[in-house]
Amino acid sequence: MRLSDVATIRTNLPEAHFWLVRRGAEDRCGEPVREFNPEHIGIRIERFDLLLPDYLFYVLVHFHQVGYWKTLVTGTLSLVNIRVSDVRRIELLPR
């Protein structure tokens, strides 16, 4: 099961439970935040029977701390970004 199976994931999603920084310095990309910005990737959980928003927030904090997003960033110089499709493809349960 992928994250996209249980959540709505897109930019400019003010009703999201939290957001991931999409664009900026390499150390900042993928950082979960609780403040809306139309440029950030919003994540809104739709299946509360499978996943709680606060739990996913802290899982993604861990992803950011271990450098998961640094392997996926695209761009040049000091401005890089992550793709919405990269977030949608996160595996929650192995197939």
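The values are calculated or read from the model by the stated rules, or taken from the named source; none is laboratory data. In this text the structure is predicted, and so the values were computed from the model without any measurement. Quick reminder, even Gly has a Cβ in these numbers, built from the backbone with ideal geometry, and neighbours come from all protein chains shown.
Observations on the structure shown:
- Number of positions in segment 57-75 that are in contact (Cβ under 8 Å) with a residue 40 or more places away in the chain and farther than 16 Å from Ala25 by Cβ: 2
- Options Gly42, Gly67; residue that is of a type outside the set (A, V, I, L, M, F, W, C), more than 12 Å from the chain's Cα centre (by Cα) and either on the phi > 0 side of the Ramachandran plot or in a strand (DSSP E or B) (or both): Gly67
- Qualifying position, being modelled with pLDDT of 95 or more and under 9 Å from the mean Cα position of the chain (by Cα), among Leu13, Leu56, Leu20: Leu20
- Matching residues in segment 3-34 - criterion: being surrounded by fewer than 16 Cβ atoms within 10 Å (Cβ to Cβ), touching a strand residue (DSSP E or B) at 6+ places or on another chain (Cβ under 7 Å) and part of a loop (DSSP other than H, G, I, E, B): Glu15, Glu26, Arg34
- Qualifying position, being farther than 21 Å from Glu15 by Cα, loosely packed, with under 12 Cβ neighbours inside 10 Å and either of a type in the set (A, V, I, L, M, F, W, C) or modelled with pLDDT under 95 (or both), among Leu92, Leu72, Leu77: Leu77
- Residue selected from segment 35-55 under the condition closer than 8 Å to Ala7 by Cβ and free of Cβ contacts under 8 Å to residues at least 40 places away in the same chain, by the criterion surrounded by the fewest Cβ atoms within 10 Å (Cβ to Cβ): Arg44
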